[in-house]
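Trainee: After the structure tokens below, expect a handful of questions from me.
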Amino acid sequence: MIILKSDREIEFLRKPNQLVAEFHRTIAPMMKPGVSTWDIELFAKDFAKKHHAATSLVGYRNYPYITCASVNDVIAHGFPSKKPLRSGDLVTIDTVFDIRGWKGDSAWTYKIGKVSKTSEELYKVTKEALYKGIEQAIIGNRLGDIGHAIQVHAESHSFSVVRDLVGHGIGQDIHEEPFYLHIGPPGKGHRLKEGMVFTIEPMINAGSHEMYIEEDGWTARTKDSELSVQFEHTIAITKNGPIILTEQD
Ligand code: MF3
Ligand code: CO
């Protein structure tokens, strides 16, 4: 069942989502060669404490950390690591904060130092794909229209869209219905209604869309060891179009 949110509930959702956005704004200048994703994990812990937020990922289905840190060919759900990041790495940091029971979710990819031309392009195209998806998030459209816009943009640049991990509704739970793929076909899937709140979180690969999960039970990696990038916003569907609850500026 899709839980539609009232205007008041969308107001409650603004707080944790804005806090995740502020977290990303704050770590952006820290994402440099030499920093480790473990440093970011510790920072996330202090940041949440300082802002009186709960950290929702740790313990969720036994996920062991506050953040997910997915480097290069890791698509999602990578574990933070003490290994220093190096120039040329692409790292996605994902976290969920909770304020008064309401959840906020956003993942963002960071370029470490100087990255390759392909990395630059994958980064740019993935971010554009997210915003092309958001443009379709209007009442009356369907989830497949969002997926289609993302897929067309990624594939027109010869990149591929991950199909084993999905976007999801969010509210008092991290994961609510609807669950949907970031691909078409257009005109299919749930129709978008006022009060729906969900993530759009395309994971785009430089090579094939295929992935596997490592023995740790979480780390999702590309089968062909090619790079993967992800940008995720939580959005609310309103009469006046989508509100990006995790917008960073
Ligand atoms: N932000 C991620 C998501 O889109 C978090 C997944 S990690 C998990 O759902 F622990 F919640 F699975
Ligand atoms: Co999410």
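What follows is calculated from the coordinates using simple rules that are stated; it is not laboratory data. Source: prediction; values computed, not measured. All Cβ positions, even for glycine, are placed from backbone atoms using ideal geometry, and neighbour counts span all protein chains on display.
Trainee: Taking only Cα atoms and a 10 Å spring cutoff, compute GNM fluctuations for the chain and point out the largest among LYS103, LYS50, LYS82.
Mentor: Looking only at LYS103, LYS50, LYS82, the largest GNM fluctuation is found for LYS50.
Trainee: Which length gain, in nm to one decimal place, applies between GLU22 and VAL152 when the Cα-Cα distance is subtracted from 0.36 nm times their residue separation?
Mentor: 43.8 nm
Trainee: Roughly how many Å is it from the Cα centre of region 72-88 to that of region 178-237, as a whole number?
Mentor: For region 72-88 versus region 178-237, the Cα centre distance is 19 Å.
Trainee: With the Cα gyration tensor of the chain giving a ≥ b ≥ c as the square roots of its eigenvalues, does the rule (a/c under 1.5 for rounded; else a/b larger than b/c for prolate; else oblate) give rounded, prolate or oblate?
Mentor: oblate
Trainee: Describe numerically, in nm with one decimal, the distance between label points set 7 Å from Cα along Cα→Cβ at ILE139 and at ALA54.
Mentor: 3.3 nm
Trainee: What is the magnitude of the charge dipole of region 7-244 about its Cα centre, with +1 placed on the Cβ of each Lys and Arg, -1 on the Cβ of each Asp and Glu, and no other charges, expressed in debye to the nearest 20? It would help to have the intermediate numbers written out before the result.
Mentor: Values: 28 positive and 31 negative charges, 113 e Å.
Dipole about the Cα centre, nearest 20: 540 debye.
Trainee: Would you mind checking LYS50/LYS82; LYS32/LYS127; LYS5/LYS127; LYS49/LYS111; LYS32/LYS83 for any pair whose Cα atoms are more than 18 angstrom apart?
Mentor: LYS50/LYS82; LYS32/LYS127; LYS5/LYS127; LYS49/LYS111
Trainee: Classify region 168-249 as rounded, prolate or oblate, taking a ≥ b ≥ c as the square roots of the eigenvalues of its Cα gyration tensor: rounded when a/c is under 1.5, otherwise prolate if a/b is larger than b/c and oblate if not.
Mentor: Numbers: a/c = 2.01, a/b = 1.85, b/c = 1.09.
Here region 168-249 falls in the prolate category.
Trainee: While we're here: If packing is taken as the mean number of other Cβ atoms within 10 Å per residue, what is the order of 144-152, 120-128, highest first?
Mentor: Details: 144-152: 24.4, 120-128: 18.2.
So the order, starting with the most tightly packed, is 144-152, 120-128.
Trainee: Take each of the peptides 204-213, 91-100, average the number of other beta-carbon atoms within 10 Å over its residues, and list them starting from the highest.
Mentor: Ranking, from highest mean packing down: 91-100, 204-213.
Trainee: Say each of TYR212 and GLU11 gets a label point 7 Å from the Cα, pointing the same way as Cα to Cβ; how far apart are those two points in nm?
Mentor: Reported label-point gap for TYR212 and GLU11 is 5.2 nm.
Trainee: Rank the residues THR67, THR109 as a footprinting-exposure proxy: fewest other Cβ atoms within 10 Å of their Cβ go first.
Mentor: THR109, THR67
Trainee: So what is the relative contact order of the chain, in percent, for Cα pairs below 8 Å that sit 6 or more residues apart?
Mentor: 24 percent
Trainee: Another one. Please give the calculated 222 nm ellipticity per residue for the chain, where each DSSP H segment of at least 4 residues contributes -39500 (n - 2.57) and the sum is spread over every residue; nearest 500 deg cm²/dmol?
Mentor: -9000 deg cm²/dmol
Trainee: Through the Karplus equation 6.51 cos²θ - 1.76 cosθ + 1.60, θ set to phi - 60°, convert the phi angles of region 190-205 into ³J(HN,Hα) values in whole Hz; use x for Gly and Pro.
Mentor: Result, rounded to whole Hz: 4, 6, 7, 10, 3, x, 6, 10, 8, 8, 10, 8, x, 10, 10, 9.
Trainee: Sorted by packing (mean other beta-carbon atoms within 10 Å per residue), highest first, where do 228-240, 1-13, 35-47 land?
Mentor: Working: 228-240: 22.1, 1-13: 14.5, 35-47: 18.3.
For the peptides 228-240, 1-13, 35-47, the packing ranking is 228-240, 35-47, 1-13.
Trainee: To continue, here is another question. Please state the shape class of region 67-106: rounded when a/c is under 1.5, otherwise prolate if a/b exceeds b/c and oblate if not, all from the C-alpha gyration tensor.
Mentor: It comes out prolate by the Cα gyration axes.
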